[in-house]
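Contents: one structure, followed by commentary.
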Amino acid sequence: MPSMGSHQSARMKSDTWLTPPKIIAALGRFDLDPCCPSSMPWRTADRCYSKATDGLKAQWFGRVWLNPPYSRDAVTWLRRMAAHGDGIALVFARTETEWFFETVWDAATAVLFLKGRIHFHYENGDRAEANAGAPSVLAAYGARNAKALRVSGIAGRYLGL
């Protein structure tokens, strides 16, 4: 089973993949990361829940950053984000899937399709040599998060929903 905040790849030796710090920095301060690995070389939010806390059961508050496990459980995390309504999630741009329609197209306020494929980082902070293997999208929930995407300067295509 993948760890919290992880991404799966048959080519990789680890299943924990951290968001590039430049993405976090460009989006501003977050109050909570409910899906954070236990070991982080940089902060993604003021408060971080690791697997021990179980971010799906714990209380969510404020502006949330979400980089969910890229497994079948991702939709559960995205449903929680949609219900919370205040934050930004990083997921693969699987725009045709049922889960994407439910949790992004029908629930998000805006999206930013990232230009190129991002390179995640290992738990020690080193950048992975291989890219993510698929296109990624940032999904914003709530007006202030849509604005954060729009003005972030992150290369890609912004679309208000």
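For (1) under 15 Å from PHE120 (Cα atoms); (2) among the acidic types (Asp, Glu), each residue gets a yes or a no:
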| residue | (1), (2) |
| --- | --- |
| ASP33 | no, yes |
| CYS36 | yes, no |
| ALA45 | no, no |
| TRP60 | no, no |
| PRO68 | yes, no |
| LEU78 | no, no |
| TRP99 | no, no |
| THR103 | no, no |
Among the residues of segment 34-47, are any in contact with a strand residue (DSSP E or B) (Cβ under 6 Å, 6 or more places away or on another chain) and open to solvent by 20 Å² or more (accessible area, probe 1.4 Å)? yes
Residues (within 22 Å of LYS147 (Cβ to Cβ), of a type in the set (A, V, I, L, M, F, W, C) and in contact with a Cys (Cβ under 9 Å, 6 or more places away or on another chain)) located in segment 18-47: LEU32, ALA45
Residues that are at pLDDT 95 or above, in contact with a Pro (Cβ under 9 Å, 6 or more places away or on another chain), open to solvent by 10 Å² or more (accessible area, probe 1.4 Å) and of a type in the set (Phe, Trp, Tyr): does segment 98-116 have at least one? yes
If you scan segment 50-80, which residues turn out to be more than 23 Å from ALA26 (Cβ to Cβ) and β-branched (Val, Ile, Thr)? THR53, VAL75, THR76
Kindly check whether there is at least one residue in segment 57-75 that is touching a residue at least 40 places away in the same chain (Cβ under 8 Å), open to solvent by less than 50 Å² (accessible area, probe 1.4 Å), closer than 20 Å to ALA146 by Cβ and part of a helix (DSSP H, G or I). no
State all residues of segment 17-31 that are aliphatic (A, V, I, L, M) and free of Cβ contacts under 8 Å to residues at least 40 places away in the same chain; if no residue qualifies, say none. ALA25
Could you tell me whether any residue of segment 124-145 is outside any strand (DSSP E or B), surrounded by 19 or more Cβ atoms within 10 Å (Cβ to Cβ) and modelled with pLDDT of 95 or more? yes
Could you give me the residue pairs with C-beta distances under 6 Å whose first residue belongs to segment 137-149 and is free of Cβ contacts under 8 Å to residues at least 12 places away in the same chain and within 12 Å of ALA82 (Cβ to Cβ), whose second residue is of a type in the set (Gly, Ala, Ser) and open to solvent by 20 Å² or more (accessible area, probe 1.4 Å) wherever it lies, and which are 6+ apart or on separate chains? none
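The values are calculated or read from the model by the stated rules, or taken from the named source; none is laboratory data. Since this is a predicted model, take the numbers as computed values, not measurements. Note that we place each Cβ from the backbone using ideal geometry, even for glycine, and neighbour counts take in every protein chain shown. What goes into the accessible areas is simple: the full protein's heavy atoms, side chains included, and nothing from ligands, DNA or RNA. Shrake-Rupley method; radii C 1.70, N 1.55, O 1.52, S 1.80 Å.
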